[in-house]
Amino acid sequence: MTSTLLERARRVTRAVPPAVACRRTAAHVWGLRALPCDTPEDDWPVEVVAPACLARPDCVTHLGHLPDRDVTHHRGVRVTTPGRTALDCARWLPKLDAVAALDQFLRRGVDLDELLRQATGLGHLRDTLRLADPGAASPRESWLRVILVDGGLPRPATQIRVSLTGGRVAYLDLGWERYRLAVEYDGRAHHTSATDRGRDEFRRQELRCHGWRVIAVGRDVVPAHASRLLETVANALIECGWRPTSQETVRILRRIRATRRRPGSSWLPS
């Protein structure tokens with residue numbers, strides 16, 4: 001019978017006292033969706049920090065020693081603290097996954113200012129930390145925001161509150177209230193059935209009546225078709241009144257060209 005990643009992390013850290021679960025494994029122990037997209041947890045190794053390599057086929061060892069303040073126990077696993085796990089994810093994971101993990105940690109109460117203080121002098125790490133936003137409701141919403149911001153667009157707000165008729169309220173995934181433009185991620189879980197699609201269309205029609213333009217983004221777009229996404233949203237922003245500087249325009253065009261040369265690849269910083 002296959003053990004879950006949590007069970008394997010618990011077994012490893014109990015059997016080898018110096019070992020501490022870290023990085024994606026630690027984030028998983030803390031209840032985050034942090035494993036690579038579509039990777040079953042059965043296939044993911046237990047990542048640990050330890051002073052010597054663990055001779056175990058189901059482990060990946062990162063050699064080192066952690067201060068006591070960065071280690072705790074959770075769900076029976078010796079694991080890096082939420083703050084230390086957030087910093088490790090920000091430092092070592094690909095940018096999209098790093099920000100998605102950070103967003104989830106912030107939603108659980110990790111202090112971004114404290115993370116920034118601990119990252120003093122590490123410019124790349126601080127840049128990644130500054131992209132974090134607790135308003136993202138799913139990892140792919142985080143990916144969507146990073147693609148737009150890295151692409152040169154103004155940073156969107158998250159969970160924008162829009163008052164509807166009858167005292168009802170809608171919350172938009174992300175967007176720019178000044179330009180009445182929103183971008184929403186339609187994942188498989190709640191946007192697939194005919195009922196889901198009908199509900200989405202009714203909601204968005206009502207938002208259009210309140211002056212909002214909504215761009216819906218499907219699972220197949222993020223990040224595989226980032227260039228098309230960036231071009232669509234940039235054009236929509238301009239149509240809604242945004243006036244980019246010449247420098248901003250150059251950055252957006254460069255980003256679009258760069259992602260077209262790497263179709264389906266991981267999102268890489270410029």
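Within the group 72, 120, which residue is farther than 26 Å from residue 4 by Cβ and hydroxyl-bearing (Ser, Thr, Tyr)? From the options 72, 120, the qualifying one is 120. Looking at residue 69, is it of a type in the set (D, E, K, R), surrounded by fewer than 23 Cβ atoms within 10 Å (Cβ to Cβ) and over 23 Å from residue 111 (Cα atoms)? Spelling it out, it is not the case that residue 69 is of a type in the set (D, E, K, R), surrounded by fewer than 23 Cβ atoms within 10 Å (Cβ to Cβ) and over 23 Å from residue 111 (Cα atoms). Does segment 96-110 include one or more residues that are among the polar types (S, T, N, Q), crowded, with 19+ Cβ neighbours inside 10 Å and outside the structural domain of residue 175 (by TED's automatic domain parsing)? Yes, segment 96-110 has at least one match. Put simply, of 201, 248, 239, 177 the only residue that is of a type outside the set (S, T, N, Q), over 23 Å from residue 133 (Cβ atoms) and modelled with pLDDT of 95 or more is 239. Among the residues making up segment 205-257, those that are without any contact (Cβ under 8 Å) to a residue 40 or more places away in the chain, in a loop (DSSP other than H, G, I, E, B) and either more than 19 Å from residue 186 (Cα to Cα) or touching a Pro at 6+ places or on another chain (Cβ under 9 Å) (or both) are 211, 225, 243, 245.
The residue of segment 130-147 that is farthest from residue 94 (Cα to Cα), among those that are of a type in the set (A, V, I, L, M) and in contact with a strand residue (DSSP E or B) (Cβ under 8 Å, 6 or more places away or on another chain), is 137. Taken together, the residues in segment 154-178 that are surrounded by fewer than 17 Cβ atoms within 10 Å (Cβ to Cβ), charged (D, E, K, R) and touching a Lys or Arg at 6+ places or on another chain (Cβ under 9 Å) amount to 1.
The values are calculated or read from the model by the stated rules, or taken from the named source; none is laboratory data. Remember, predicted model here, so these are calculated numbers, not experimental data. Cβ sites come from the backbone with ideal geometry, for glycine too, and all protein chains shown count toward neighbours.
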